[in-house]
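Structure, as structure tokens:
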Amino acid sequence: MKQIFWKTPAFFGAALLIAALSVFIVFSASQPSVAEDTATEASAAVAAPAEEPAEAAAVESEEAPLVDMIAATTERSLGDPNAPVTIIEYASMTCQHCSNFHKNTFNDVKKAYIDTGKVYWVFREFPLDRLALRASQAARCVTPSMYFNFVEVLFTSQERWTRDDDPMKALAKTARLAGLSQDAFDACIDNRDLEGHILQNMHTGQTQWKVKSTPTFVFNYGAESLSGAQSFEAMQKVIEGLLR
């Protein structure tokens, strides 16, 4: 009797083998290959921006402090610009006579004439040595509203910081009291434009008003002038004469 093939054991064996192969092929097709995973990860790594270490990023973003040249070169003055008398003081930060004037006379002049609207006071640096030039630069870099306070401190403590074993270090320490950090101080005294501005003011005083020593006081743009650590009475005499 002839046996039908699909009913034979061989047929069932073949059918099981084909079914197993089909399941394997379907399963394999549904899984990403190792090469695809690696390529995807590599693409993601290239596409994603590399994260910089926080410390390195902070160092790169940190910039040296800049000098605000507009603020630093603005005229330093006290009082009403429309006052009947204008006094331009030329002074050196290391000048002992300048220090004496500011300690003994200036505040009386300020109270009697500047604060009452009779005198407009302009202060211009006239550095007689390199240390005075650096002190002038530092003064120009403190907040403008603190300028005259800082100048007064420089004059009242002049003996201490000018005679220090390291006067630049002592100057920087004084500047820090006025809010100028060490980095800002260094940037300030290294600024050649600011140095040039101060020296130009000095040159103008020499050529225009014949300033030769400090302190020198120019009244009403050359109408009168005085040199030396003047007393209040000497300043008063000239001011009153110009007010008449």
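Only the coordinates and a few stated rules stand behind these numbers; no lab work does. Note that the structure is a prediction, hence the values are computed from the model and not measured. Counting neighbours? That spans all protein chains shown, and the Cβs are built from the backbone with ideal geometry, glycine included.
Restricting attention to region 116-212, which trypsin sites (Lys or Arg not before Pro) occupy a DSSP loop and are surrounded by at most 14 other Cβ atoms within 10 Å?
Sites meeting the loop and neighbour criteria: R163, K210, K212.
Taking H placed 1.01 Å from N in the peptide plane, check which residues at least 5 places from E224 or on another chain put their amide H under 5 Å from its amide H.
Close amide H contacts, sequence-distant or interchain: F219.
Which of F101, F232 comes first, and how do the rest follow, when ranked by fewest Cβ neighbours within 10 Å?
Ordered by Cβ neighbours within 10 Å, fewest first: F232, F101.
Once fully extended, how much extra length lies between R130 and L66, figured as 0.36 nm per residue of separation less the alpha-carbon to alpha-carbon distance?
Here the answer is 20.8 nm.
How many nm separate the modelled label positions at R176 and L199, each set 7 Å beyond the Cα in the direction of the Cβ?
So the two model labels end up 3.0 nm from each other.
Student exercise: in region 74-243, how many lysine pairs 8 or more apart or on different chains have Cα atoms under 23 Å apart?
Close lysine pairs under the 23 Å cut-off: 11.
What distance in nm lies between label points placed 7 Å from Cα along the C-beta direction at D183 and T207?
3.9
Mind listing the Cα extents of region 146-242 along all three principal axes, in Å, largest one first?
The Cα atoms of region 146-242 stretch 47, 29, 24 Å along their principal axes.
Considering only DSSP beta bridges with both partners in region 74-243, what is the antiparallel share in %, to the nearest 5?
60
Could you tell me which residue out of F185, F126, H197 lies farthest along the dipole of region 91-211 toward its positive end? Charges go on the beta carbon: Lys and Arg +1, Asp and Glu -1, centred on the Cα centre.
My answer, from the dipole projection, is F126.
Multiplying the sequence separation of E159 and T74 by 0.36 nm and subtracting their Cα-Cα distance, what value in nm do you get?
Length gained between E159 and T74: 27.8 nm.
In debye to the nearest 20, how big a dipole does region 74-243 give about its Cα centre with +1 on each Lys and Arg Cβ and -1 on each Asp and Glu Cβ?
140
Run the numbers on region 74-243 and let me know its relative contact order in percent, using alpha-carbon pairs under 8 Å that are six or more apart.
34
If you take the square roots of the eigenvalues of the alpha-carbon gyration tensor of region 74-243 and sort them as a ≥ b ≥ c, do you get rounded (a/c under 1.5), prolate (a/b over b/c) or oblate?
prolate
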